[in-house]
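Worksheet: one structure, shown below.
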Amino acid sequence: MTDTDAAVRLESITKRFPGVVANDEVDLTAERGTVHALLGENGAGKTTLMNVLYGLYQPTAGRIVVDGEERAFGSPRDAIDAGVGMIHQHFMLVDTMTVTENIALGNEPRKFGGLVVDHEAARRDVVELSERYGFDVDPDQRVEDVSVGVQQRVEILKALYRGADVLILDEPTAVLTPQEVEDLFAVLEELTDQGKTIIFITHKLGEAMHAADDITVLRDGKHVGSVAADETTRDELAELMVGREVVLEIEKPDVETGDEVLGVDSLTVTDERDVEAVSDVSFAVREGEVFGIAGVDGNGQAELIEAVTGLRTPETGSVTFEGESVTWDSRRDRIDAGMAYVPEDRQERGLVMEFDLVENGILGSQHADPFASGGRIDWGESRAHAEDIVDEYDVRPPDADAEAVSLSGGNQQKFVVGRELERDPRLVVATHPTRGVDVGSQEFIHDKLLDLRADGRGVLLVSSKLDEVRGLSDRLAVMHDGELMAVVDPDEVSEEQLGLLMAGEHPEEVPRADAVAPEEVEP
Amino acid sequence: MSASEKARSVFERIVTASGVERLLISLSALVLSILIGAVIILAAGRMADCGTAAYRLALPGSLITQFTGGSAVVSMGFCYDPIAVYDQLFLGALGDVVGNPTNSQFATTLAETTVLAFSGVAVAVAFRAGVFNIGAQGQLVVGALTTAVTLLFVAPVFGGLGVLGTIVVLPLGLLLGALGGGLYGALPGALKAYADANEVITTIMLNFVATAVALYLVNDASRFKDPESFANQTEVLPEFSRFPSLLFRARDDFSLVALGVAVLTLVGVWYLLTRTSFGYDLRTSGIQPEAAEYGGVDADRTIVSSMALSGALAGVGGAVYVLMVLGNFQTGIPSYGFDGITVSILAGNNPLGVGFAAFLFGVLKSGSIVVQVGSDVPPELVGVLRGLIILFVAMPEFFRMAGRRFDSLLPERDDQAAVATDGGVRNE
């Protein structure tokens, strides 16, 4: 197959932001008339890559070839002119306008020498388009009156109306009901039958397998594989997404486990859109134990952790901390009780980007001893504390007065981890504690976590790095689609078994860890 | 580089400007506004009719003679002299400050500064917490009303105590203003926190409510209206319950004590924001609400308390206006609350900066009076010149604020994009 046959070819695309390489020499080839899935976890760089293709970002390096012709898109307008359209996750429709008006918006056909919008022509075009692709939309309905699935189709029509041959869909299924997802896939098939090319972004490997012809997998901004959907398996994809760098040997001494520090009982949590993200999950973390949660990102881990740490109110179920219910306790109460939390998103939650490290060092303890007394903050004490963290966790540059935003991602992470682990906590909830940090610092953070474990503290670890979560955990739970698939012994379980569990399948004879409560293992 | 990219990079430069750069930007904006103002004065001066020109501009003849043929130097007359206007506007506001520091122009300047310092810092506190309090005017009116009406009944009790009466009643008056304004500010705060009502809308609407209620209370003698007066106002408070004029003349309506209270308040708010746990919570909520929540800050409570504090500060401003300038409550209180928004923006929402911004406002306000008295320039034109200066000086800071608030909408802002390598969207 020659180059010109591909509808889109991205060659060695690199997109660098200060402190972050979002795309690192990524290749992607989407053949004409096919559905191409761009698969990866949150933060893998999928949307960035597509924003590059759509002209929202300019690549730091690399080539964009559309229809065999090299292109440089200065703006989405250029991309649209070249036949590339993008449907964002959040629709850009005017609720009070009709379907036709929305589709024609900005490209209305004119009459009388361009003075008047030709509504009739616009409506005709829309009807013609939707009939050609078998779309079931009423051109005269107001957008606010139609379902989300139809709104999405209106977005697709809008792109087609502007002459798109290549359609990029960003997480198109995230907002749809299961039935609407099926309808969408049917629409995509119709489009490709008629020669259109689809690239859709997803982190759900089932969808990629089901709807795509080819799949490109990204991990940490890097291209880790391109496979044909019918030549791959779910666990192969899961492994590609999550990765299994076996660079780390983790020495884990035996520790006597003690009382239960954290108890989670029948917890059900919904996300922002009121969709159930965590379904009836139960587990316990004991003193001197690292309890790991593995799974592909976006399977409810974030919501579960937020419910545990007090950032999200659960629907049902309870959370107990050191034997007492904290289900309804505020975030501050939980911090004060000794719950440290390394958040998933350090730049949004973990650090105040405009604050310097002195100020960031007391985030969460701004009311507590020794940093504050009588409502007054002791900035001298705070400075000493920040400097200690910078020193101990090798944060560079070693300058407590530096604003958080000026640090690289890895150093930001080290500072957050340092602040949380130095809290003298009873329990550490750590999500992706080593994300973005160098190997040396990874080991250091692992050792620190194991020190806490040896000291009789509990650790709840969520990581998408399989080797990390297996190496550190005493017991390992696998999460899929909001449920705990199983709690397994990380030393006994095989990679294949983990892969299947993460993909939502139940392999035979998984080596289960001795569960505290039997019902928490697989219903 | 496309036009939009260029605009964006200019915008970015403004948003990320350092302190010194911001000062330079403000100064050059001031100079630019004066230059443009001068052109407007000249143009207006050409259009106006006057017996003798106040200002003559000598142009090299060649410029004009090539069209008309005439003398080597042509002089063009204008009715208003821009140099004199700006001289009066800025220096007139200070009066003979060196020889006679208590002159009445300077007193007017400082009186304006004092009231604006309160309304400015009120708005600044709310902005720092990420809440857009457009209702400082209403809170100021309620504060003024509370103080005036309550003291009308309470002050006579302390009538015979002389200076001691002042020491008791004056702080009480300020406290009442704080209470009234604070409650009136907490109301939209609670509406935002617990009912998700946009504070911009509610505070604007509550401004009207405050004015209307105040009018109702003082427009009939059966309520609090002074029966002797034709105007809608309360009776005058006893002299001892008002701010003492100290070194200044009593009829200039200015008190150094009030200015002192204002300065202490600014320093106090600065201390609160930078040195206390509450200030830390407030600032964190304002800059990065997600991080504040992570750090254990109760978002709802912070909104209510910052709005209450903001309202209380505006309320004290109202109390000061009553106890220093008016001596009673009257309807039609000038728009100190709205000016406070500009003062706060001008100061970059920094409580200490509010002092300087309020002084600039005071200068312009008092200087305008001098210009109106001392020249033929019509008051409308003076208003234009004032507005021009404020607009120019405040705009860069306004863009900075807007930029911070909306920078998530700018996909090109790199450090922001680094936060969201995932397109800024949480995937489910």
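The values are calculated or read from the model by the stated rules, or taken from the named source; none is laboratory data. What you see is a predicted model, and the numbers here were worked out from it, not measured in a lab. With ideal geometry, Cβ positions are generated from the backbone for all residues, glycine too; neighbour counts draw on all protein chains shown.
Points worth noting:
- Residue check, B:Leu24 in a helix (DSSP H, G or I), modelled with pLDDT under 90 and under 26 Å from B:Phe399 (Cβ atoms): yes
- Qualifying residue in the range B:305-321 (condition: in contact (Cβ under 8 Å) with a residue 60 or more places away in the chain, in contact with a Lys or Arg (Cβ under 7 Å, 6 or more places away or on another chain) and assigned by TED's automatic domain parsing to the domain that holds B:Gly177): no
- Selection of the range B:318-342 for residues being out of contact with any Gly (no Cβ under 7 Å at 6 or more places or on another chain), over 24 Å from B:Ala402 (Cβ atoms) and not polar (S, T, N, Q) yields B:Val320, B:Tyr321, B:Val322, B:Met324, B:Val325, B:Leu326, B:Gly327, B:Phe329, B:Gly332, B:Ile333, B:Pro334.
- Screening A:Phe91 against (1) away from every other protein chain (no Cβ under 14 Å); (2) modelled with pLDDT under 90; (3) surrounded by 15 or more Cβ atoms within 10 Å (Cβ to Cβ) leaves a single unmet condition, (1).
- Scan of the range A:40-65 for residues that are over 27 Å from A:Lys204 (Cβ atoms) and either basic (Lys, Arg) or buried (at least 20 other Cβ atoms within 10 Å of the Cβ) (or both), ordered by number: A:Arg63
- Only one of the listed residues (A:Val127, A:Val154, A:Val148) is under 30 Å from A:Thr47 (Cα atoms) and at pLDDT 85 or above. That residue is A:Val154.
- Taken residue by residue, the range A:241-254 has at least one member that is among the aliphatic types (A, V, I, L, M) and not in a loop (DSSP other than H, G, I, E, B).
- Restricting A:Val285, A:Val308, A:Val264 to residues that are modelled with pLDDT of 95 or more and more than 21 Å from A:Glu468 (Cβ to Cβ) narrows the list to A:Val264.
- Pick from the range A:309-321, criterion surrounded by 20 or more Cβ atoms within 10 Å (Cβ to Cβ) and in a strand (DSSP E or B), ranking: farthest from the chain's Cα centre (by Cα): A:Phe321
- Hey, A:Lys15 within 11 Å of chain B (Cβ to nearest Cβ) and in contact with a Ser or Thr (Cβ under 7 Å, 6 or more places away or on another chain) or not: yes
- Set side by side, the residues A:Val459, A:Val417, A:Val437, A:Val478 differ, and just one is crowded, with 21+ Cβ neighbours inside 10 Å and part of a loop (DSSP other than H, G, I, E, B), which is A:Val437.
- Residues that are more than 8 Å from chain B (Cβ to nearest Cβ) and outside any strand (DSSP E or B) within the range A:365-384 comprise A:Ser365, A:Ala368, A:Asp369, A:Pro370, A:Phe371, A:Gly374, A:Asp378, A:Gly380, A:Glu381, A:Ser382, A:Arg383, A:Ala384, listed in sequence order.
- Residue within the range A:301-308 that is under 16 Å from the mean Cα position of the chain (by Cα), assigned to a helix (DSSP H, G or I) and of a type in the set (Gly, Ala, Ser) present: yes
- A:Ala186 away from chain B (no Cβ under 14 Å), surrounded by fewer than 19 Cβ atoms within 10 Å (Cβ to Cβ) and either of a type in the set (Lys, Arg) or more than 23 Å from A:Met92 (Cβ to Cβ) (or both): yes
- When residues of the range A:20-39 are limited to those that are over 19 Å from the mean Cα position of the chain (by Cα) and small (Gly, Ala, Ser), the one surrounded by the fewest Cβ atoms within 10 Å (Cβ to Cβ): A:Gly33
- Helices (runs of 4 or more DSSP H) contained in the range A:118-193 and holding at least 3 residues of a type in the set (Lys, Arg): A:119-132
- When the range B:261-320 is limited to residues that are polar (S, T, N, Q) and either over 23 Å from B:Leu183 (Cβ atoms) or not in a helix (DSSP H, G or I) (or both), the one that is farthest from the other protein chains (Cβ to nearest Cβ) turns out to be B:Thr274.
- Close contacts from the range A:205-216, counting a first residue that is touching a residue at least 60 places away in the same chain (Cβ under 8 Å) and under 15 Å from A:Glu171 (Cβ atoms) and a second that is crowded, with 24+ Cβ neighbours inside 10 Å and among the hydroxyl-bearing types (Ser, Thr, Tyr), with Cβ to Cβ under 8 Å and a gap of 6+ residues or different chains, come to A:Ala208/A:Thr202.
This table checks each residue for (1) within 14 Å of chain B (Cβ to nearest Cβ); (2) among the charged types (D, E, K, R); (3) surrounded by 16 or more Cβ atoms within 10 Å (Cβ to Cβ); (4) on the phi < 0 side of the Ramachandran plot.
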site	(1), (2), (3), (4)
A:Val224	no, no, yes, yes
A:Ala229	no, no, yes, yes
A:Glu260	no, yes, yes, yes
A:Val264	no, no, yes, yes
A:Val269	yes, no, yes, yes
A:Glu272	yes, yes, no, yes
A:Gly292	no, no, yes, yes
A:Gly300	yes, no, yes, no
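- Answer residue from the range A:338-364, given it is surrounded by fewer than 24 Cβ atoms within 10 Å (Cβ to Cβ) and touching a Lys or Arg at 6+ places or on another chain (Cβ under 7 Å) and is farthest from the other protein chains (Cβ to nearest Cβ) among those: A:Gly338
- Condition met for A:Leu450 (touching a residue at least 40 places away in the same chain (Cβ under 8 Å), more than 21 Å from A:Val264 (Cα to Cα) and in contact with a helix residue (DSSP H, G or I) (Cβ under 6 Å, 6 or more places away or on another chain)): no
- The number of residues in the range A:322-337 being away from chain B (no Cβ under 12 Å) and assigned to a loop (DSSP other than H, G, I, E, B) comes to 5.
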